[in-house]
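Peer 1: One structure, pasted below without further comment.
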Amino acid sequence: MKLEQLRKFKEFKDVVDNDHAKEIADELNRSREVYYTTDKGYGTQEISDVLDEKIIEWNNGIGKLDGFIEIEVHENGIPKTLEIPVEIEVENWNEESNCFEMETVGIKDIEEW
């Protein structure tokens, strides 16, 4: 997506640049829910769904995978849901809790939206 396209949404009408757009998207993600993208292209909140698919790219103990957040925006007064792509980094699988001890989420650049 380009800045001009993003500005058609009320929430992004005054967006200045890529970093500003990412800040706005982060603020609009009030639920803080993150979805992992499966190899079939749908989102899931269950890490076990993507662990089984072996889609996590590992490098020096840090895993990277794609995902998205959902935000609500308004175009001409009509609410719409946008899926904003994110990159998720995971570390240190905890077998007992079935989760990673460290997980960070970074919003991708708007060209990938």
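The values are calculated or read from the model by the stated rules, or taken from the named source; none is laboratory data. Since the structure is predicted, the reported quantities are computational estimates derived from the model, not experimental observations. Cβ sites come from the backbone with ideal geometry, for glycine too, and all protein chains shown count toward neighbours. Each accessible area value is taken on the protein alone, full model and side chains, heavy atoms only, with ligands, DNA and RNA left out. Shrake-Rupley method; radii C 1.70, N 1.55, O 1.52, S 1.80 Å.
Peer 1: In nm², what is the average projected area of the convex hull enclosing the Cα atoms of segment 35-80?
Peer 2: On the way: hull surface 16.6 nm².
Average projection, Cα convex hull of segment 35-80: 4.1 nm².
Peer 1: Only Cα pairs within less than 10 Å get springs; with that Gaussian network setup on the chain, which residue of 40, 80, 54 has the largest fluctuation?
Peer 2: Sorting by GNM fluctuation, first place goes to 40.
Peer 1: Let me ask something else. Of all the accessible heavy-atom surface of the chain, with the other protein chains kept in place and a 1.4 Å probe, what percent is carbon and sulfur?
Peer 2: The C+S portion of the solvent-accessible surface of the chain is 42 percent.
Peer 1: Ranked by accessible surface with a 1.4 Å probe, highest first, in what order do 107, 88 come? Don't jump to the answer; show the numbers that get you there.
Peer 2: Values: 107 30, 88 0 Å².
In descending accessible area the options line up as 107, 88.
Peer 1: Something else now. Take segment 67-113, compute every pairwise Cα distance, and split them into 10 Å bins from 0; I just need the percent in each bin.
Peer 2: For segment 67-113, the pair-distance distribution reads 24, 34, 26, 13, 4.
Peer 1: Tell me which of 88, 76, 110 sits at the most positive position along the dipole axis of the chain, charges placed on C-beta atoms (Lys, Arg +1; Asp, Glu -1).
Peer 2: Farthest towards the positive end: 76.
Peer 1: Ok, one more. Please list, by residue number, every one of the chymotrypsin sites (Phe, Trp or Tyr not before Pro) in segment 37-98 that is coil in DSSP and has at most 11 other beta-carbon atoms within 10 Å.
Peer 2: On the way: sites: 42, 58, 68, 93; in loops: 42.
Those that pass, being in a loop and sparsely packed, are 42.
Peer 1: Among the listed pairs 2/54; 10/64; 40/80; 8/40, which have their C-alpha atoms separated by more than 26 angstrom in this model? Before the final figure, lay out each step's value.
Peer 2: Numbers: 2/54 32 Å; 10/64 32 Å; 40/80 23 Å; 8/40 30 Å.
Violating the 26 Å limit, Cα to Cα: 2/54; 10/64; 8/40.
Peer 1: Compare 55, 69, 84 in a GNM of the chain, Cα atoms joined below 10 Å, and give the one with the largest fluctuation.
Peer 2: Of 55, 69, 84, the Gaussian network model singles out 55 as fluctuating most.
Peer 1: Does anyone have the angle between helix 18-28 and the longest principal axis of the chain? Alpha-carbon axes, 0 to 90°, nearest 10?
Peer 2: With both axes taken from Cα atoms, the answer is about 80 degrees.
Peer 1: Here is a further query. Of all the stretches in the chain, which is the longest one without any exposed loop site, taking GluC sites (Glu not before Pro) in a DSSP loop (any state but H, G, I, E, B) with at most 15 other Cβ atoms within 10 Å?
Peer 2: Details: sites that count: 33, 46, 53, 95, 96.
Free of exposed loop sites, the longest segment is 54-94.
Peer 1: Quick check for you: with a 1.4 Å probe and neighbouring chains kept, what is the accessible area per residue of the chain, in Å²?
Peer 2: On the way: 7300 Å² over 113 residues.
That works out to 65 Å² per residue.
Peer 1: Counting only C-alpha contacts under 8 Å and six or more residues apart, can you give the relative contact order of the chain as a whole percent?
Peer 2: Values: 188 pairs, mean separation 27.7, N = 113.
25 percent.
Peer 1: With a 1.4 Å probe and all protein chains in place, put 37, 44 in order of accessible area, largest first. Please list the in-between numbers first.
Peer 2: Values: 37 35, 44 15 Å².
The ranking, largest first, comes out as 37, 44.
Peer 1: Could you give the spread of the C-alpha atoms of the chain along their three principal axes, from largest to smallest, in whole angstroms?
Peer 2: Its Cα atoms span 47, 25, 23 Å along the three principal axes.
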